[in-house]
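A.B. asks: If you scroll down you'll find the structure; I have some questions about it.
The values are calculated or read from the model by the stated rules, or taken from the named source; none is laboratory data. These figures come from a predicted structure and were not determined experimentally. A quick note on method: Cβ atoms are made from the backbone with ideal geometry, for glycine too, and the neighbour counts reach across all protein chains shown. Only protein heavy atoms, including side chains, enter the accessible area calculation; ligands, DNA and RNA are left aside. Shrake-Rupley method; radii C 1.70, N 1.55, O 1.52, S 1.80 Å.
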Amino acid sequence: MSTIIEIKSKRWQSLVPLPFLLGIGITFYWFFWRNGSESLDAPTATFKWLSILVMGVSLFLFIYFVKTSIWPATILRVDEDGIIMNTGVSTQLMRWEEISKITETSIRATSGGGAPYRARVFAIQFKNPQQFRKRFNPIFRGSIRLSEAVNGVSLFIPFGYLENHYEEFKKLVERKMKIPVNEE
């Protein structure tokens with residue numbers, strides 16, 4: 001199995017929260033355990049345990065984000081066997097034999113600020129959507145059902161995920177599916 005396209009998450013996105021997490025941990029340590037507590041009344045045991053919890057969570061998240069910046073996660077992998085998307089919930093392997101067709105289309109989406117726009121995507125339709133949905137937990141199954149009801153397809157691959165592999169992906173899909181990728 002040779003990987004033809006592999007898109008990893010952006011390293012800088014994992015680095016963004018690091019100063020914030022480090023600041024929270026240091027602030028809680030200073031305020032409750034060092035000089036900051038001398039100028040105020042001594043903190044209660046509840047606040048000390050709360051500070052330990054906050055520092056622990058900050059440390060855990062700090063280590064997690066350092067790890068993901070050193071070894072970024074693969075969010076999309078396309079190879080001779082099929083497609084794997086990992087955008088929070090892994091789709092596991094979608095074998096080429098399970099996919100009935102992939103089309104280019106645009107869907108209505110919203111930006112981070114809530115403004116609607118049309119996003120260009122590859123829409124994936126399965127030969128047996130019920131069998132595909134069985135792999136997932138009930139919440140993700142419900143979101144796939146909702147996508148099928150609203151858009152008529154199970155999953156989408158946004159063009160942005162492919163970065164500069166758009167043409168390569170399209171050629172691979174046409175070669176493996178033995179049908180052209182049509183635009184709707």
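A.B. asks: Roughly how many percent of the accessible protein surface of the range 94-184 is carbon and sulfur, given a 1.4 Å probe and a whole-percent answer? Present the calculation step by step, with values, prior to reporting the outcome.
C.D. replies: Numbers: 2780 of 5410 Å².
Whole-percent figure for carbon plus sulfur exposure: 51.
A.B. asks: Below 25 Å, Cα to Cα, which lysines can residue 170 reach? Residues fewer than 8 away in the same chain don't count.
C.D. replies: Correct list for residue 170: 8, 10, 101, 127, 178.
A.B. asks: Moving to a separate point now. Once label points are set 7 Å from the Cα along Cα→Cβ at both residue 166 and residue 66, what is their separation, rounded to one decimal in nm?
C.D. replies: Here the modelled spin labels are 3.9 nm apart.
A.B. asks: By how many nm would the segment from residue 149 to residue 9 lengthen if fully extended, with 0.36 nm per residue of separation less the alpha-carbon distance? It would help to have the intermediate numbers written out before the result.
C.D. replies: Numbers: separation 140, 0.36 × 140 = 50.40 nm, distance 2.97 nm.
Taking 0.36 nm per residue and subtracting the Cα distance, the gain is 47.4 nm.
A.B. asks: To the nearest 20 Debye, how big is the dipole of the chain about its Cα centre, given +1 on the beta carbon of each Lys and Arg and -1 on that of each Asp and Glu?
C.D. replies: On the way: 23 positive and 16 negative charges, 70 e Å.
My answer is approximately 340 debye.
A.B. asks: Just going by the charge dipole of the chain, with Lys and Arg at +1 and Asp and Glu at -1 on Cβ, which of 49, 92, 137 is farthest out on the positive end?
C.D. replies: Result: 137, furthest along the dipole toward the positive end.
A.B. asks: Which residues does the label zone of residue 29 cover in the range 49-72, counting backbone N under 16 Å from a point 7 Å along Cα→Cβ?
C.D. replies: Backbone N within reach: 51-64.
A.B. asks: Along the range 122-130, what does the Karplus equation 6.51 cos²θ - 1.76 cosθ + 1.60 (θ = phi - 60°) give for ³J(HN,Hα), rounded to whole Hz, x for Gly and Pro?
C.D. replies: The phi angles translate into 9, 9, 9, 10, 9, 5, 10, x, 5 Hz.
A.B. asks: How far apart, in nanometres, would the label points at residue 97 and residue 118 be if each is projected 7 angstrom from Cα along the Cα-to-Cβ direction?
C.D. replies: 3.8 nm
A.B. asks: State, to one decimal in nm, how far the label point of residue 81 lies from the label point of residue 111, with both points 7 Å from Cα in the Cβ direction.
C.D. replies: According to this spin-label approximation, the distance is 4.0 nm.
A.B. asks: If you filter the range 61-131 for GluC sites (Glu not before Pro), then keep DSSP loop positions with at most 15 other Cβ within 10 Å, what is left? The partial results should precede the final answer.
C.D. replies: Working: sites: 80, 97, 98, 104; in loops: 80.
Within the range 61-131, the qualifying GluC sites (Glu not before Pro) (loop, at most 15 other Cβ atoms within 10 Å) are 80.
A.B. asks: For the chain, modelled as a Gaussian network with Cα springs under 10 Å, which listed residue fluctuates most, 27, 103, 68?
C.D. replies: Of the options given, 27 has the highest mean-square fluctuation.
A.B. asks: Continuing with this model, one more query. Assign one of three labels to the range 93-184, namely rounded, prolate or oblate, based on the Cα gyration tensor with a ≥ b ≥ c the square roots of its eigenvalues; rounded applies when a/c is under 1.5, prolate when it is not and a/b is larger than b/c, and oblate otherwise.
C.D. replies: On the way: a/c = 1.87, a/b = 1.03, b/c = 1.81.
Since a/c reaches 1.5 but b/c is at least a/b, the shape of the range 93-184 is classed as oblate.
A.B. asks: While we're here: With every protein chain present, what is the per residue accessible area of the chain (1.4 Å probe, Å²)? Spell out each step's value before the answer.
C.D. replies: On the way: 11470 Å² over 184 residues.
Result: 62 Å² of accessible area for each residue.
A.B. asks: Report, as a whole number in µm² per second, the diffusion coefficient that Stokes-Einstein gives for the chain at 10 °C and 1.306 mPa s using the Kirkwood radius over alpha carbon pairs. Kindly include the intermediate steps, with their values, before the conclusion.
C.D. replies: Values: Rh = 19.7 Å.
Translational diffusion coefficient: 80 µm²/s.
A.B. asks: Still on this model: If exposed trypsin sites (Lys or Arg not before Pro) are those in a DSSP loop with at most 16 other Cβ within 10 Å, what is the longest stretch of the chain that has none? Could the numbers behind the result be given before it?
C.D. replies: On the way: sites that count: 10, 34, 127, 134, 135, 178.
Formally, the longest exposed-site-free interval is 35-126.
A.B. asks: Positive end of the dipole of the range 60-117, charges at C-beta (+1 Lys, Arg; -1 Asp, Glu), about the Cα centre: which of 112, 71, 102 has its Cα farthest in that direction?
C.D. replies: Of the options given, the answer is 112.
A.B. asks: Give me, ordered by chain and number, the residues 5 or more places off residue 92 or on other chains with an amide H under 5 Å from its own placed amide H.
C.D. replies: When sequence neighbours closer than 5 places are left aside, the close amide H contacts are 85.
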